[in-house]
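Below is one structure, written out as structure tokens; comments come after it.
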Amino acid sequence: MPPWETPPDQLPAVAPLQKLLRALADPARLEMVRRLAASPVAEAPCSDLYEGLSKSTATHHFKILVEAGILHPVMVGPSRGHRLRRASLQEAAPGLLDALMATLAREERRP
């Protein structure tokens with residue numbers, strides 16, 4: 001395990017709802033979470049989770065999502081990546097992730 005990867009049993013608790021919503025309020029971070037939620041394995045290399053951001057800006061957004069307990073930094077093949085903490089989110093805020101993803105899907109279908 002790389003030194004920057006936190007073992008699953010040492011991950012921080014999912015943040016209180018207000019902090020979760022603040023972390024998800026940014027469009028770039030919400031898109032990162034959407035991409036992970038759409039992935040069958042809910043993990044992907046960092047570079048697959050954003051477009052149009054500098055690496056340092058993306059790193060800042062990842063840090064906020066990790067601190068809120070939404071993402072878990074992991075190795076994905078030879079690259080750094082993130083895993084969505086779906087079960088932890090469901091336990092801390094039942095239905096929140098599903099409601100957000102359903103709303104985003106509806107918004108994408110609007111003309």
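Quick notes on this one:
- Residue pairs whose Cβ atoms lie under 9 Å apart, sitting 6 or more positions apart in sequence or on different chains, and linking a residue in segment 57-68 that is more than 13 Å from CYS46 (Cα to Cα) and touching a residue at least 40 places away in the same chain (Cβ under 8 Å) to a partner that is open to solvent by 20 Å² or more (accessible area, probe 1.4 Å) and not in a helix (DSSP H, G or I), are ILE64/ASP26; GLU67/PRO12; ALA68/PRO12; ALA68/VAL14.
- Segment 17-46 residues that are in contact (Cβ under 8 Å) with a residue 40 or more places away in the chain and of a type in the set (Asp, Glu), paired with ones that are in a helix (DSSP H, G or I) and open to solvent by less than 30 Å² (accessible area, probe 1.4 Å) (beta carbon under 8 Å, 6 or more apart): GLU43/LEU36
- Number of positions in segment 1-53 that are assigned to a loop (DSSP other than H, G, I, E, B), farther than 14 Å from LEU89 by Cα, hydrophobic (A, V, I, L, M, F, W, C) and open to solvent by 40 Å² or more (accessible area, probe 1.4 Å): 5
- All positions within segment 74-88 that are under 15 Å from SER39 (Cβ atoms) and in contact (Cβ under 8 Å) with a residue 40 or more places away in the chain: VAL74, HIS82, ARG83, LEU84, ARG85, ARG86
- Some residue of segment 58-80 being among the small types (Gly, Ala, Ser) and open to solvent by 80 Å² or more (accessible area, probe 1.4 Å): no
The values are calculated or read from the model by the stated rules, or taken from the named source; none is laboratory data. Please read all numbers here as calculations on a predicted model, not as lab measurements. Cβ sites come from the backbone with ideal geometry, for glycine too, and all protein chains shown count toward neighbours. Accessible surface is based on the protein model in full, side chains and every heavy atom, while ligands, DNA and RNA are left aside. Shrake-Rupley method; radii C 1.70, N 1.55, O 1.52, S 1.80 Å.
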